[in-house]
Amino acid sequence: MDVIVVGGGIVGVSAAFHLARKGVSTALVDASHTGQATGAGTGVVFPWPLPWDAPPVWDFKARAAEHYPRLMAELAEDGQAPGYEVVGGMSVDREGDDAGYDLMSTLAERPEFATMGRVERLAPGEPRVRFPLVPEPYGGVYIEGMARLNGRSARAALFNAAEERGLRYYKGDARLVWNGHRVTGVHVGAEELEAPVVVVAAGAWSARLLAVAGVELPVFPVRGQMTHFALPGTDTRAWPVVRFGERGYFVSAFGPDRVVTGGTVEPDAGFDRRVTASGLLHNLATAVEVLPGLSEATVVETRVGFRPGTHDGQQLLGTVDRLPGVVVATGLGSEGLTFGPYQGLVAARLALGEDVGLDLALFRPDRPGKESALSAGKM
């Protein structure tokens, strides 16, 4: 085969899909770890860059914003159900958000923000009309092009579309095959798969793969516990996603009656996949404080996901000088569902030796870090 992709989250399946779509002989190896971030995310999609982003980040996000709806439309046309819905989004606060409106409306006029759509100022009380749980005094800004994504559905859609195009799938823990000079494939159980390029897109588990060759990848797990609520008898399917600006708190809604609130951020939890009492208490208390209408909602479940974090907040994307034959694609943290599909496409192009048209120096996987995941004892 030509390329092996390790990791079955949204980044890995996106890379596999884009390779298979080009007719590249591709294998996907996935350990199906409990706590994969793709299935636990809140699902808010805001892919556009902001003025304070560094130029390489701006370029990456601008291209991701253009790619996202095109990819989702392609999957839908292919008969898949990616769980992607453009429902609009709001940023709200008690004082309204004129500064936010000015910024968003200015950005929306630029060509690279075409997918942002209409931007509206919302007077106090108007956000509540669109999302009935928002307290009455809140005003804000509405952005037409914001979307929500069901991570599990998106992963399944990309995987099924890739499999229809010849993708081979292997379930199990992968280990890189390193001959002292380059990576030549992976071991999966007792089987050895050979390929000239391996894409490592195993999320928070990616560091383990590179450690076999003595490379310390600066990525570590950030546990998030996300609580899901149900509002029996309330149709939430048309509700937009919401950001509470004063606290950076996100809420999304899914049909028929589910509401998902922002969860915990726990960078020191390692790979502990438990739902903890303190985590659940934090989620419930914050949800009811921000959205008092949830006090009578049904608590459906709390999902645990391990986001791939980095010490400088920048993704890991590119090749590794000490490991010829490897492309790394991970480190998106809480933005995996937003930027994972495009990161997977870039990784696929890198695996084929194509010019991706981006400056990836800021995202180098082997850049120095404050401390590595291995030395921090997070493995």
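The values are calculated or read from the model by the stated rules, or taken from the named source; none is laboratory data. These numbers come from a predicted model, not from an experiment. Glycine also receives a Cβ, built like all others from the backbone with ideal geometry; neighbour counts cover every protein chain displayed. With ligands, DNA and RNA removed, areas are computed over all heavy atoms of the protein, side chains included. Shrake-Rupley method; radii C 1.70, N 1.55, O 1.52, S 1.80 Å.
Annotations
- Per residue, the accessible area of the chain comes to 41 Å² when a 1.4 Å probe rolls over the protein heavy atoms.
- Magnitude of the charge dipole for the stretch 201-280, about its Cα centre and with charges confined to Cβ atoms of Lys, Arg (+1) and Asp, Glu (-1), is about 120 debye.
- Shown here for the stretch 1-103: GluC sites (Glu not before Pro) in loop regions (DSSP other than H, G, I, E, B) with at most 14 other Cβ atoms within 10 Å, namely Glu95.
- Leading residue at positive end of dipole, the stretch 14-167 (Cβ point charges), from Gly117, Ser153, Ala64: Ser153
- FRET efficiency estimate (nearest 0.05) - Cβ-Cβ, Val300 to Ala123, R0 35 angstrom: 0.60
- Gyration tensor (alpha-carbon) shape descriptor, the stretch 1-65, a/c threshold 1.5: oblate
- If R0 is taken as 30 Å, the Cβ-Cβ distance between Asp2 and Ala285 corresponds to a FRET efficiency of 0.05.
- With the cut-off at under 15 Å, measuring from each backbone N in the stretch 66-97 to a point 7 Å along the Cα-to-Cβ line of Glu164 picks out 71-83.
- For the stretch 266-303, the list of trypsin sites (Lys or Arg not before Pro) that fall in a loop by DSSP and count at most 13 other C-beta atoms within 10 angstrom reads Arg274.
- Extension gain (nm, one decimal) between Val212 and Ala156, 0.36 nm per residue minus Cα-Cα: 17.2 nm
- Backbone geometry of the stretch 315-324 corresponds, through the Karplus equation with coefficients 6.51, -1.76 and 1.60 at θ = phi - 60°, to 3J(HN,Hα) couplings of 5, 10, 8, x, 8, 10, 4, 7, 10, x Hz, x marking Gly and Pro.
- Whole-percent carbon and sulfur share, accessible surface of the stretch 89-141, 1.4 Å: 51
- Only Lys, Arg, Asp and Glu carry charge here, each on its Cβ (+1 for the first two, -1 for the last two); on that basis the stretch 91-183 has a dipole of about 900 debye about its Cα centre.
- Answer label for Rg and Dmax of the Cα atoms in Å (calculated), chosen among [x] 19.5, 62; [y] 23.3, 77; [z] 20.6, 64: [z]
- Label-to-label distance, Arg247 versus Glu191, with points set 7 angstrom from Cα along the beta-carbon direction: 4.9 nm.
- Here the dipole of the chain is about 720 debye; that uses its Cα centre as origin and unit charges on the Cβ of Lys and Arg (positive) and Asp and Glu (negative).
- The residue among Leu103, Gln314, Ser25 whose Cα reaches farthest toward the positive pole of the charge dipole of the chain, with charges on the beta-carbon of Lys, Arg, Asp and Glu, is Ser25.
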